[in-house]
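Visitor: The structure is given below, and queries will be raised subsequently.
The values are calculated or read from the model by the stated rules, or taken from the named source; none is laboratory data. Worth saying up front: this structure is predicted, and the values here are computed from it rather than measured. Cβ placement follows ideal geometry from the backbone for every residue including glycine, while neighbour counts extend to all protein chains displayed.
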């Protein structure tokens with residue numbers, strides 16, 4: 001029986017490593033932009049960057065884990081599946097505003113689209129509420 005590779009080890013395929021490394025750079029960039037741009041989340045993008053770099057570069061993943069601002073987000077998620085309370089509040093606010101804006105902006109013929117999106121937002125909101133606070 002062959003031993004399965006560690007789930008957190010980088011991919012062996014150079015193409016996959018390159019793609020995941022690029023995605024990590026993109027997600028971290030969006031997370032940094034989210035620090036100053038209202039409505040753009042930071043935590044989600046940092047977590048995605050951490051996942052991508054865990055699959056592509058041990059060095060960048062270690063740097064991210066040891067970063068004083070971003071490291072605790074990843075460690076809290078990995079150890080306790082915890083999300084900062086402010087991130088939860090911001091996510092709830094943005095989902096609610098998005099559904100309201102869609103409802104107001106869509107023509108009557110397309111308003112039915114709001115209801116499935118509202119249901120998904122509600123499901124995500126409940127899921128977030130059940131996570132522990134970081």
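Visitor: Got at least one residue in the stretch 56-70 being surrounded by 15 or more Cβ atoms within 10 Å (Cβ to Cβ), at pLDDT 90 or above, at negative phi and under 15 Å from the mean Cα position of the chain (by Cα)?
Guide: yes
Visitor: Kindly indicate whether any position in the stretch 31-46 is touching a helix residue (DSSP H, G or I) at 6+ places or on another chain (Cβ under 7 Å), touching a residue at least 12 places away in the same chain (Cβ under 8 Å), outside any helix (DSSP H, G or I) and under 30 Å from residue 18 (Cβ atoms). Before you say what the answer is, go through the steps one by one.
Guide: Step one: filter the stretch 31-46 for residues touching a helix residue (DSSP H, G or I) at 6+ places or on another chain (Cβ under 7 Å), giving 31, 34, 39-43, 45-46.
Still in the list and also touching a residue at least 12 places away in the same chain (Cβ under 8 Å): 31, 39, 41-43, 45-46.
This time we only want the ones that are outside any helix (DSSP H, G or I), so: 39, 41-42.
Now narrow it down to the ones that are under 30 Å from residue 18 (Cβ atoms): 41-42.
For the stretch 31-46, residues touching a helix residue (DSSP H, G or I) at 6+ places or on another chain (Cβ under 7 Å), touching a residue at least 12 places away in the same chain (Cβ under 8 Å), outside any helix (DSSP H, G or I) and under 30 Å from residue 18 (Cβ atoms): present.
Visitor: Oh, and also: For the condition loosely packed, with under 12 Cβ neighbours inside 10 Å and either at pLDDT below 95 or not assigned by TED's automatic domain parsing to the domain that holds residue 37 (or both), what is the one hit in 110, 77, 92?
Guide: Details: 77 fails: loosely packed, with under 12 Cβ neighbours inside 10 Å; 92 fails: loosely packed, with under 12 Cβ neighbours inside 10 Å.
Answer to the selection: 110.
Visitor: Would you mind stating whether residue 98 is on the phi < 0 side of the Ramachandran plot, touching a helix residue (DSSP H, G or I) at 6+ places or on another chain (Cβ under 8 Å) and in the same structural domain as residue 125 (by TED's automatic domain parsing)? Even if it seems obvious, please write down each step before you answer.
Guide: Details: on the phi < 0 side of the Ramachandran plot: yes; touching a helix residue (DSSP H, G or I) at 6+ places or on another chain (Cβ under 8 Å): yes; in the same structural domain as residue 125 (by TED's automatic domain parsing): yes.
It is true that residue 98 is on the phi < 0 side of the Ramachandran plot, touching a helix residue (DSSP H, G or I) at 6+ places or on another chain (Cβ under 8 Å) and in the same structural domain as residue 125 (by TED's automatic domain parsing).
Visitor: Considering only residues that are over 19 Å from residue 41 (Cα atoms) and in a loop (DSSP other than H, G, I, E, B), which ones fall in the stretch 87-134?
Guide: Within the stretch 87-134, 106, 107 meet the criteria.
Visitor: Another question, if that's okay. May I ask you to list pairs of residues, at least six apart or on different chains, whose Cβ atoms are under 8 Å apart, with the first in the stretch 52-77 being closer than 16 Å to residue 30 by Cβ and the second being at pLDDT 90 or above and not in a helix (DSSP H, G or I)?
Guide: Within 8 Å, the pairs are 64/70.
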